[in-house]
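Report on the structure given below.
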There are 2 protein chains.
Amino acid sequence: MNTRIAFFNNSFIEEEKVFLHVSDLAIQRGYGVFDFFKVVNDVPLFMHDHLDRLFNSAAGLGLEPGLNKTEIASIAQGLINRNKIPYSGIKIILTGGYSQDGYNPATPNLIITQQQMLPRPAGIFEKGFKVITFEHVRELPEIKSINYTTGVLLQQKLTLAGADDVLYHKNGEISEFPRSNFFIVMKNDKVVTPSKNILRGITRKKTLELARKHFTAEEVTVTLDDIRNAKEAFITSTSKEIIPVVMIDDIVINNGKPGEVTRFLDTKFAELCHNSPA
Amino acid sequence: MNTRIAFFNNSFIEEEKVFLHVSDLAIQRGYGVFDFFKVVNDVPLFMHDHLDRLFNSAAGLGLEPGLNKTEIASIAQGLINRNKIPYSGIKIILTGGYSQDGYNPATPNLIITQQQMLPRPAGIFEKGFKVITFEHVRELPEIKSINYTTGVLLQQKLTLAGADDVLYHKNGEISEFPRSNFFIVMKNDKVVTPSKNILRGITRKKTLELARKHFTAEEVTVTLDDIRNAKEAFITSTSKEIIPVVMIDDIVINNGKPGEVTRFLDTKFAELCHNSPA
């Protein structure tokens, strides 16, 4: 039975009791933002980066969180203390609030939940991801809004294709996955990731920082043609960390095996997570 | 005090008691569809067109309404009988449901509400609408999804500009307003409306049918350049009916006055509404 505690506006309550009235603009108009960070051994990972992004997203949609970052960090710690789920994810949702006319934002509703996560399965890195491409740019890509209509809809297509994820592009310019970022390693070991029409992932940022210590690493325009010449490719996200991409549509990358640079960065990223305070 | 009755999944309950758990995919991912029709003198207007569109939208997002159109029509009548709001709007929302993983749809939640509407103010037709343009195409425009992130966000811009609405275009090709359709009347009295990247409005459909009886009327590509040569322009929607557009950015249309064709169609549309069963 689920007795997890959540935080809703002003108080800690059982998550199973967190309900929003139908007039909330999330339900009326899909209007809201969120962010999500991992908790490892009861320690939040890169929480301040995530809170910075949450506040940027909220400002982008004109939503006022009502609490400051220190207060939200303290609530996250309150959930960690209460729920005792050492390996977990904390999700913060800020909605458009109970709108009078069903269109204009009101005082936002703030919901913070903590959910169990499973450590990345051992075999997933070695197996790598098979992905398909789809022409789409997310609406307001730099804002982590709750709107994932196309991403959710494409789940059916992924299942049919036997693929693990879908890579968005526009006119051949690659941007991102619905919930993850994309990197390629070029033949000269240069590490590149798309620079625009993306959500700036925190794992993406940390990976770029790590890559710059050991390789040349840049945010650039990445095209579908670049994939054909890529030595390695990988995906980054809070939940997935770093996973090799071994096939994109009909293009096999690095003979379908994880590449050396990808493996090196994944190891370095695991070390960083192990040693990082929030 | 609000004691309006709504319908939620299986039963009629007070609207103020209609709450969705935070796990609903509308809140988690902005995933859901809706439709909205008017009730005049306790009679639903063009309800079957709206229900057809709702079911198409639901199918487009892979959501199963759980009830058929006859059952939903009967619930609408149930609300009309209970609430006694002769001039009103009925909104039907179908969400992605309580998702286990916060990403994949579950059994949808169905919410039907009835709200008071005010008849169109007498002066609004004569005053007409001043609109601004904005480069944007809605995601999955032919599906009436709940996602209006850009439209809601642009409300602030509208207020600053002193404008009544915002007209979307892409590379100069006009599509629609966030919640309404767009028509122009050309110099030869030909009535045209954008053919693609739009939600197919029911008032748009009825207006096209009326226009075809008296003029040439076509769904075509309409560009920003066409506006400069337009004799008249107008907006159509369920709530607004037909309202002249007298200014688009810095372009004044028909000397800022309602045009004759627009007035004729508005009169004919009012007659149609007056004489229409659902």
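The values are calculated or read from the model by the stated rules, or taken from the named source; none is laboratory data. Because the structure is a prediction, the values reported are computed rather than measured. All Cβ positions, glycine included, derive from the backbone under ideal geometry; neighbour counts span all protein chains shown. Just so you know, the surface numbers come from the protein's heavy atoms only, side chains and all, with ligands and any DNA or RNA stripped out. Shrake-Rupley method; radii C 1.70, N 1.55, O 1.52, S 1.80 Å.
Solvent-accessible surface of the range B:134-278, taken per residue with a 1.4 Å probe and all protein chains present: 43 Å².
Determine the percent antiparallel among the DSSP beta bridges restricted to chain A, to the nearest 5. Walk me through the intermediate numbers first.
On the way: 42 of 54 bridges.
Around 80 percent of the beta bridges assigned by DSSP in chain A are antiparallel ones.
In terms of the mean number of neighbouring beta-carbon atoms within 10 Å, the peptides B:148-154, A:167-173, A:249-255 order highest first as B:148-154, A:167-173, A:249-255. The value for the protein assembly as shown of Rg(Cα) / (2.2 N^0.38 Å) is 1.05.
Over chain A, dividing the summed -39,500 (n - 2.57) contributions of all DSSP H runs of at least 4 residues by the number of residues returns a 222 nm mean residue ellipticity of -9500 deg cm²/dmol.
The stretch between A:M117 and A:D189, if pulled fully straight at 0.36 nm per residue, gains 22.6 nm over its current Cα-Cα span.
Among the protein heavy atoms of the range B:40-79, carbon and sulfur supply 50% of the accessible surface, probe 1.4 Å, non-protein parts ignored. The chymotrypsin sites (Phe, Trp or Tyr not before Pro) of the range A:63-121 meeting both criteria, a DSSP state outside H, G, I, E and B (loop) and at most 13 other C-beta atoms within 10 angstrom of the site's C-beta, are A:Y87.
In the context of the full protein assembly, B:M47 retains an accessible surface of approximately 10 Å², using a probe radius of 1.4 Å and ignoring ligands and nucleic acids. Here the range A:162-206 is scanned for amide nitrogen atoms under 14 Å from the site 7 Å beyond the Cα of A:D225 along Cα-to-Cβ, giving A:171-174. Using alpha carbons only, the radius of gyration of the range B:161-271 set against its Kirkwood radius gives Rg/Rh = 0.91.
Assuming 1.002 mPa s and 20 °C, estimate D for the range B:21-126 with Stokes-Einstein, Rh taken as the Kirkwood radius over Cα pairs, in µm²/s.
For these conditions, the coefficient is 145 µm²/s.
Ligands, DNA and RNA excluded, the heavy atoms of B:K257 present near 130 Å² of accessible surface to a 1.4 Å solvent probe. Springs between Cα atoms under 10 Å define the GNM used for chain B, and in it the highest mean-square fluctuation of B:D101, B:D24, B:D226 occurs at B:D101.
Position A:E271: other-copy label points at 8.2 nm, ordered by increasing distance, label point 7 Å along Cα→C-beta. Take A:F134, move 7 Å from Cα toward the beta carbon, and the resulting point lies 2.5 nm from the same point in each other copy, nearest first. Remark: label point of A:I251 defined 7 Å out from Cα along the Cα-Cβ vector; separations to the same position in other copies 4.1 nm, ascending. Identify which of B:F46, B:F19, B:F34 has the largest mean-square fluctuation in a Gaussian network model of chain B, with springs joining Cα atoms closer than 10 Å. Among B:F46, B:F19, B:F34, the largest GNM mean-square fluctuation belongs to B:F19.
Taking the Kirkwood radius as Rh and the Cα radius of gyration as Rg, chain A has a ratio of Rg/Rh equal to 0.98.
Please give me the summed charge of the neighbours of A:G172: other residues whose Cβ is under 11 Å from its Cβ, Lys and Arg +1, Asp and Glu -1. Spelling it out: positives minus negatives among the neighbours equals -3.
Each label point is 7 Å from the Cα along the Cα-to-Cβ direction; what then is the distance between the points at B:K213 and A:T3, in nm? Result for the modelled spin labels: 6.8 nm. Between B:N68 and B:E260, the FRET efficiency from the beta-carbon distance, with R0 = 41 Å, is close to 0.40. Mean separation of Cα pairs under 8 Å and 6 or more residues apart, divided by the residue count, gives the range A:77-229 a relative contact order of 16 percent. With the convex hull drawn over the C-alpha atoms of the range B:104-236, the volume per residue is 155 Å³.
Can you pull out the trypsin sites (Lys or Arg not before Pro) in the range A:1-110 that DSSP calls coil and that have at most 12 other Cβ atoms within 10 Å?
Qualifying residues, ordered by number: A:K84.
In this simple spin-label approximation, B:H21 and A:E271 carry label points 7 Å from Cα along the Cα→Cβ vector, and these lie 4.4 nm apart. Relative to the longest principal axis of the Cα atoms of chain B, the long axis of helix B:149-161 makes an angle of roughly 40 degrees.
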